[in-house]
Structures are given as C-alpha cells and as structure tokens.
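Colleague: Dumping the structure here so I can ask a few things about it.
The values are calculated or read from the model by the stated rules, or taken from the named source; none is laboratory data. Just so we're clear, the structure is a prediction, and the values are computed from it rather than from any experiment. A quick note on method: Cβ atoms are made from the backbone with ideal geometry, for glycine too, and the neighbour counts reach across all protein chains shown.
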Amino acid sequence: MSDKALAGQIGTFVRHHRLEQNKTQDTLAHAAGISRSTLSLLERGKTVTLATLIQVLRVLDQLQIMDAFVVEQRISPLMLAKIQKEKRQRARGKPGDDTTKNDW
C-alpha cells in the first residue's frame with residue numbers, strides 16, 4: 001500500500017470515529033488543541049504531524065490502535081538456557097563458616 005493510500009485510510013478512520021461520536025470538526029479540533037483546517041487535512045489524507053494524529057486519537061478515545069507498535073523483548077532459546085544455567089540451584093555456606101555447627 002502506498003503512503004498516500006495509508007494516509008487516506010487513516011483519514012477515513014478518524015472521520016468515521018468523529019462522525020460516530022457525533023462530533024463536528026470544530027469540536028474535535030478544539031478538544032485536540034489543533035485547528036479545524038489541520039483536522040480537515042488529516043481526514044482528507046494529507047500530511048500532518050504524528051503529534052497531531054496522537055492528539056486526535058486521544059480525544060476520539062482510539063489510542064488502543066497504538067498497541068500495534070509495542071515491541072516486546074523476547075529472549076532467544078540460547079540466551080534463556082544460559083540464564084537458567086547461571087541461576088543458583090542450591091545455597092551453600094561460605095568456606096570456614098561454622099555457624100550451623102555451633103547452633104547444635
């Protein structure tokens with residue numbers, strides 16, 4: 001999908017949710033802290049800043065789509081095996097530490 005097509009799809013998404021919530025462009029733009037013309041550009045698939053998009057999504061309560069960008073740390077099987085190998089299996093007293101012998 002081209003950049004232009006993606007921008008158009010984002011604009012359609014924003015417009016759909018704005019109308020679904022029965023908000024005018026003026027109302028949404030004011031709540032998002034942007035101009036109405038900037039919101040109009042966004043809805044038409046024109047170039048706007050990422051900050052503008054995030055502000056609009058926040059007001060529309062649609063920030064959950066940003067979850068697609070979350071990166072989870074994954075440990076490779078080799079690294080996991082190495083970590084488990086280094087993990088202590090049992091506790092030992094220090095050499096010369098006779099505290100357990102004196103307690104009896």
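Colleague: What number of residues in the stretch 1-48 are polar (S, T, N, Q), farther than 14 Å from Asp61 by Cα and surrounded by fewer than 14 Cβ atoms within 10 Å (Cβ to Cβ)?
Modeller: Residues flagged as polar (S, T, N, Q), farther than 14 Å from Asp61 by Cα and surrounded by fewer than 14 Cβ atoms within 10 Å (Cβ to Cβ) within the stretch 1-48 amount to 6.
Colleague: Name the residues in the stretch 47-99 that are basic (Lys, Arg) and closer than 30 Å to Ala31 by Cβ, would you? Write out each step before concluding.
Modeller: Of all residues in the stretch 47-99, those basic (Lys, Arg) come to 58, 74, 82, 85, 87-88, 90, 92, 94.
Residue satisfying the conditions is Arg58 alone.
Colleague: So, one more: If you check Leu6, Leu42, Leu19, which single one turns out to be touching a residue at least 12 places away in the same chain (Cβ under 8 Å) and either among the aliphatic types (A, V, I, L, M) or out of contact with any helix residue (DSSP H, G or I) (no Cβ under 8 Å at 6 or more places or on another chain) (or both)?
Modeller: Just one listed residue meets the conditions, Leu42.
Colleague: Restricting to the stretch 54-77, and then to whatever is under 16 Å from Gly11 (Cα atoms) and surrounded by fewer than 19 Cβ atoms within 10 Å (Cβ to Cβ), can you tell me which residue is nearest to the chain's Cα centre (by Cα)? Quick ask: steps written out before the conclusion?
Modeller: The first filter runs over the stretch 54-77 and keeps only residues under 16 Å from Gly11 (Cα atoms), leaving 54-63, 65-66.
Checking the rest, the ones that are also surrounded by fewer than 19 Cβ atoms within 10 Å (Cβ to Cβ) come to 54, 58, 61-63, 65-66.
On the way: Ile54: 11, Arg58: 13, Asp61: 14, Gln62: 12, Leu63: 9, Ile65: 8, Met66: 5 Å.
The residue in question is Met66.
Colleague: Please give the number of the condition Ala7 fails out of (1) in a helix (DSSP H, G or I); (2) among the aliphatic types (A, V, I, L, M); (3) under 24 Å from the mean Cα position of the chain (by Cα); (4) modelled with pLDDT under 90.
Modeller: All conditions pass for Ala7, except number (4).
Colleague: Applying the selection to the stretch 18-54, what residues are under 19 Å from Ile65 (Cα atoms) and touching a Lys or Arg at 6+ places or on another chain (Cβ under 9 Å)?
Modeller: Those that are under 19 Å from Ile65 (Cα atoms) and touching a Lys or Arg at 6+ places or on another chain (Cβ under 9 Å): Leu28, Ala32, Leu39, Leu42, Glu43, Gly45.
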